[in-house]
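The values are calculated or read from the model by the stated rules, or taken from the named source; none is laboratory data. Nothing here was measured: the structure is a model prediction, and the numbers come from that model. Neighbour counts run over all protein chains shown; Cβ positions are idealised from the backbone, glycine included. These accessible areas exclude ligands, DNA and RNA; they are computed on the full protein's heavy atoms, side chains included. Shrake-Rupley method; radii C 1.70, N 1.55, O 1.52, S 1.80 Å.
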Amino acid sequence: MATIVPLSFKVRKVSRVVEIVFEDGAEFSLPFEFLRVYSPSAEVRGHAPGDEILQTGKRDVDVTAMEPVGNYGIKPIFSDGHGSGIYTWTYLYELGRDQTTLWEQYLQNLEDAGFTRESGRDAPMVAQAAGCGHNH
């Protein structure tokens, strides 16, 4: 596969997204929260399949700095102190391409673990009344 390189890359602090346009015309708007919960770092992904660490309470995370990594990617520094993930242009392209599926998967994983996007590990969501039949 040819090297994927963005034509433009912008960090939008107010809307809290990273906007990327690639050479093939693909354009993605990736929210900071999405980038944070899908960090490619071992701290998030683990060292083997099944070792992933569910990231919680990241709805209000901000990007405080964005460091270039060679010609192949970036390393965002997040407001929660996380800064070990190196996002290659290829990985960012894949995140953009699969964003809808990945986001739904993340929301389902949060719900399965008893969290909401607002809650962290110390604040599990209130258990649903048995048999109420509502899906949130």
Of the candidates Gln99, Gly83, Leu110, the farthest towards the positive dipole end of the range 75-119 (Lys/Arg Cβ +1, Asp/Glu Cβ -1, centred on the Cα centre) is Gly83
Cα point-scatterer Debye curve for the chain, base-10 log of I(q)/I(0) at q = 0.09, 0.11, 0.17, 0.19 Å⁻¹: -0.30, -0.44, -0.96, -1.16
Over the chain, calculate the relative contact order: mean separation of alpha carbon pairs under 8 Å at least 6 apart, over the residue count, as a percent. 19 percent
Sequence gap at least 6, Cα distance under 8 Å: using those rules, report the relative contact order of the range 64-112 to the nearest whole percent. 22 percent
Above 15 Å lies some portion of the pair distances; for the range 1-52, what is it as a whole percent of all C-alpha pairs? 59 percent
Inter-part gap, Cα centre of the range 68-106 to Cα centre of the range 40-61, in whole angstrom, is 12 Å
So for the pair Asp62, Arg12, with labels modelled 7 Å out along Cα→Cβ, what separation do we get in nm? 1.8 nm
For Asp80, project a label point 7 Å along Cα to C-beta. Then give me every residue of the range 29-54 with its amide nitrogen under 15 Å of that point. 31-46, 52-54
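Which net charge results when you count Lys and Arg as +1 and Asp and Glu as -1 among the other residues whose beta-carbon is under 13 Å from that of Val11?
Neighbourhood net charge equals +2.
Per residue, how large is the accessible surface of the chain? Use a 1.4 angstrom probe and give square angstrom. Numbers along the way, then the final one.
Numbers: 8130 Å² over 136 residues.
It amounts to 60 Å² per residue over the chain.
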